[in-house]
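Heads up, the thing below is written out as structure tokens.
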């Protein structure tokens with residue numbers, strides 16, 4: 001560890017300079033206007049890994065390119081670890097809430113502020129930088145760094161067949177630590193599905209005086225429909241939603257301790273009204289139980305001033321976080337059936353299905369899990385906790401299946417890092433912890 005720390009210290013400025021260069025790419029995968037920026041970022045990642053001594057390829061997909069790299073020559077008898085991350089980022093809206101330009105990384109109070117600072121450029125970059133520590137890699141390494149994790153990984157999912165991604169273990173570098181002083185390994189995450197429901201009531205917006213009392217307002221109708229998705233105890237009322245969902249055992253609850261209490265959420269992010277199913281602990285609600293969320297509602301006029309209209313249509317964006325044994329496609333269809341059943345006569349509902357991916361769970365005693373836990377404990381000087389995530393890295397389960405590998409998640413993000421929000425941030429201290437953890441994990445493997 002002394003040698004690794006000295007190396008990290010001597011290269012700290014170089015790592016920061018390269019990290020900042022990486023952050024300057026406007027690699028927003030969901031917006032076609034940034035396609036050239038995404039492509040340029042992919043080429044930068046490829047060059048960095050090539051300059052680190054790896055054989056690299058830019059794999060074209062129907063959407064954005066995947067950066068693939070592998071160590072050569074292959075070391076017989078040694079394990080192969082596939083390291084996954086992504087170079088794309090979320091949109092920056094609302095831009096006016098950023099204190100500084102999201103694509104001009106800025107240090108304030110010891111923190112690096114930029115879009116992608118932690119999710120996932122900062123995290124995958126310390127894994128990339130770790131390759132430069134080794135004169136000769138101790139095991140076989142592969143990288144899969146995609147450019148559309150924030151856009152459902154559609155392109156990567158199309159190219160998973162074949163031998164290229166085969167590995168013994170999959171290390172997903174896109175997760176949080178237990179808290180600021182305690183490391184964690186992630187052994188599971190919830191799956192996801194998303195859809196958009198558009199309810200139409202007329203050919204165009206209507207004057208609310210001339211047509212008020214005559215036309216059924218789609219905003220009102222949509223809100224009424226959405227309210228029927230839940231009962232008074234917070235359970236989702238969609239038929240079949242909980243099929244296959246099992247109750248967590250006492251051993252599972254003990255194995256994955258609760259990180260925060262209600263007071264912590266109130267203090268850190270201002271939550272005072274808590275949702276979920278009544279009678280469930282926060283731990284159950286966030287990692288062991290599925291949830292349906294209404295992510296956005298729009299219809300009519302919501303700008304400055306007032307515009308008295310009955311909108312022609314109203315829109316709801318809905319997503320679910322799913323647990324093992326739930327099929328995203330099946331549940332999306334069940335939600336559509338439920339909503340269609342409650343459409344008022346004379347209105348039309350169109351539901352567009354977007355991304356979907358199943359949950360994943362991994363063994364706590366795999367060699368990679370033990371190596372990451374041991375390495376992070378040595379780096380942090382504290383025992384590593386096992387955790388499950390309520391969030392999703394959608395490609396994890398399909399990639400693990402294609403690789404034939406056991407997946408383990410690691411990372412040094414924190415819930416307070418403003419991920420997906422204005423003023424996202426990370427810091428070089430946690431960057432270096434991640435760097436050292438990857439180095440020591442590969443040595444242990």
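Could you work out the relative contact order of the chain? I mean the mean sequence separation of Cα pairs under 8 Å and 6+ apart, divided by the number of residues, in percent.
About 26 percent, as a whole number.
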Self-check item: Candidates 364, 422, 76, ranked by Gaussian network fluctuation over the chain, Cα under 10 Å, top entry
Solution: 76
Quiz item: What full-extension length gain, to one decimal in nm, is calculated for residue 161 and residue 55 as 0.36 nm per residue of separation minus the Cα-Cα distance?
Solution: 36.2 nm
Quiz item: So for 264, 417, 109, 31, fewest C-beta neighbours within 10 Å to most, what's the order?
Solution: 109, 31, 264, 417
Exercise. Counting other beta carbons within 10 Å of each Cβ, put 265, 133, 169 in order, fewest first.
Key: 265, 133, 169
Quiz item: By the gyration tensor of its Cα atoms, with a ≥ b ≥ c the square roots of the eigenvalues, what is the shape of segment 292-445: rounded for a/c under 1.5, prolate for a/b over b/c, or oblate?
Solution: oblate
Quiz item: In whole Å, what is the distance between the alpha-carbon centres of segment 9-36 and segment 351-376?
Solution: 26 Å
Quiz item: Could you give the angle, 0 to 90 degrees to the nearest 10, between helix 328-341's Cα long axis and the longest principal axis of the Cα atoms of the chain?
Solution: 10 degrees
Quiz item: At residue 345 and residue 374, where each label point lies 7 Å from the Cα along Cα→Cβ, what is the point-to-point distance in nanometres?
Solution: 7.1 nm
Quiz prompt | the chain - share of DSSP beta bridges that are antiparallel (%, nearest 5) | solution = 70 percent
Exercise. First check a/c for segment 325-388, with a ≥ b ≥ c the square roots of the eigenvalues of its C-alpha gyration tensor; if it is under 1.5, answer rounded, and if not, answer prolate when a/b is larger than b/c or oblate otherwise.
Key: prolate
Self-check item: residue 353-residue 337 pseudo-label distance in nm [points 7 Å out on the Cα-to-Cβ vector]
Solution: 1.2 nm
Self-check item: Compactness index (Cα Rg / 2.2 N^0.38 Å), segment 1-145
Solution: 1.11
Exercise. Arrange the following residues from fewest to most other Cβ atoms within 10 Å of their Cβ: 41, 320.
Key: 320, 41
Self-check item: Residue-averaged [θ]222 nm for the chain, counting only DSSP H segments that reach four residues, each worth -39500 (n - 2.57)
Solution: -8500 deg cm²/dmol
Exercise. Would you look at the GNM of the chain, springs on alpha carbons closer than 10 Å, and say which of 65, 394, 218 moves the most?
Key: 218
Quiz prompt | Full-extension gain in nm, residue 231 to residue 93, via 0.36 nm per residue minus C-alpha separation | solution = 46.3 nm
Quiz item: For segment 48-95 and segment 130-204, what is the separation of their C-alpha centers, rounded to whole Å?
Solution: 11 Å
Quiz prompt | Overall form of segment 191-252 per C-alpha gyration tensor (a/c, 1.5; a/b vs b/c) | solution = prolate
Practice problem: Can you tell me the FRET efficiency between residue 33 and residue 361 if r is taken as the Cβ-Cβ distance and R0 is 35 Å, rounded to the nearest 0.05? | Solution: 0.40
Practice problem: Hey, for a label at residue 101 modelled as a point 7 Å past Cα toward Cβ, could you say which residues of segment 20-41 have their backbone N under 20 Å away? | Solution: 20-29, 33-41
Quiz item: If you line up the long axis of helix 428-444 against the longest principal axis of the chain, both from Cα atoms, how many degrees apart are they, to the nearest 10?
Solution: 60 degrees
Self-check item: residue 391 paired with residue 325, simple spin-label distance in nm, labels 7 Å along Cα-to-beta-carbon
Solution: 2.8 nm
Practice problem: Treating the angle as unsigned and between 0 and 90°, give the value, to the nearest 10°, between the Cα long axis of helix 367-380 and the longest Cα principal axis of the chain. | Solution: 80 degrees
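Any read-out appearing in this document is the output of simple, stated calculations on the displayed coordinates, not a laboratory observation. Predicted model only: the values in this text are computed from it and were never measured. All Cβ positions, even for glycine, are placed from backbone atoms using ideal geometry, and neighbour counts span all protein chains on display.
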